[in-house]
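See below for the structure under consideration.
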Amino acid sequence: MRFVCLFAAAMMAIPTVAEEQPDDTMMEKMQGRWEIVEGWNRGQALAKSEIEGSYVMVKTNQITTFDSDQRQTYQAMFRIDDSKKPVRIQMTALPRTSPAEENNSLKQPTEKQPAASGILKFVDEGKWVLCYALPGAEPPTKFESAKGSKTMMFVMERRKVDDGLVQSISPQE
């Protein structure tokens, strides 16, 4: 639970940003629900109990994090630049009180507040790593969260759906 508060606190300091049309291939890979399986905050590994049950939903250019109690902890819009290696990401927090649909209509970023900048990579089709600097810090160039840094890093795996829980719904005859 402490992790969720740290993750949310870090992202709340990030402003809104204009919607852009990032690379379709990378965006397609990012879409969906991702379980947070590992995390580091300023060089400290997060305990399994801090991240267990937490997940991220990515829809278009919006990322939303939920804690183990299914409560939304933060919401941000992002843009990616895959012309650089590693791929760059910039995230800007959205107001927690406004619906996602309203946030997607935002056209101009707020220049008074910093954004969280970072890097991301796919380990395979079902796993990716997000490493970013807290607002005001230099963006990372390596996938690490060194002790004393202002860098956070998370490993996420695509949620596997239990076929036993999915039921077919058809009209009754």
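Counting only residues that are among the aliphatic types (A, V, I, L, M), closer than 13 Å to Gln62 by Cβ and not in a loop (DSSP other than H, G, I, E, B), which one in the range 14-39 is modelled with the highest pLDDT?
That would be Met30.
In the list Tyr74, Tyr132, which residue meets the criterion of being surrounded by 11 or more Cβ atoms within 10 Å (Cβ to Cβ), under 17 Å from Met30 (Cβ atoms) and at pLDDT 95 or above?
Only one candidate passes the filter, namely Tyr132.
Go through (1) in contact (Cβ under 8 Å) with a residue 40 or more places away in the chain; (2) touching a Lys or Arg at 6+ places or on another chain (Cβ under 7 Å) and name the single condition Gln62 misses.
Evaluating Gln62 over (1) in contact (Cβ under 8 Å) with a residue 40 or more places away in the chain; (2) touching a Lys or Arg at 6+ places or on another chain (Cβ under 7 Å) leaves (2) as the failure.
Within the range 53-71, count every residue that is among the acidic types (Asp, Glu) and open to solvent by 70 Å² or more (accessible area, probe 1.4 Å).
Adding up the residues that qualify gives 1.
The values are calculated or read from the model by the stated rules, or taken from the named source; none is laboratory data. Remember, predicted model here, so these are calculated numbers, not experimental data. Cβ sites come from the backbone with ideal geometry, for glycine too, and all protein chains shown count toward neighbours. Just the protein is used for accessible areas: all its heavy atoms, side chains included, with ligands, DNA and RNA removed. Shrake-Rupley method; radii C 1.70, N 1.55, O 1.52, S 1.80 Å.
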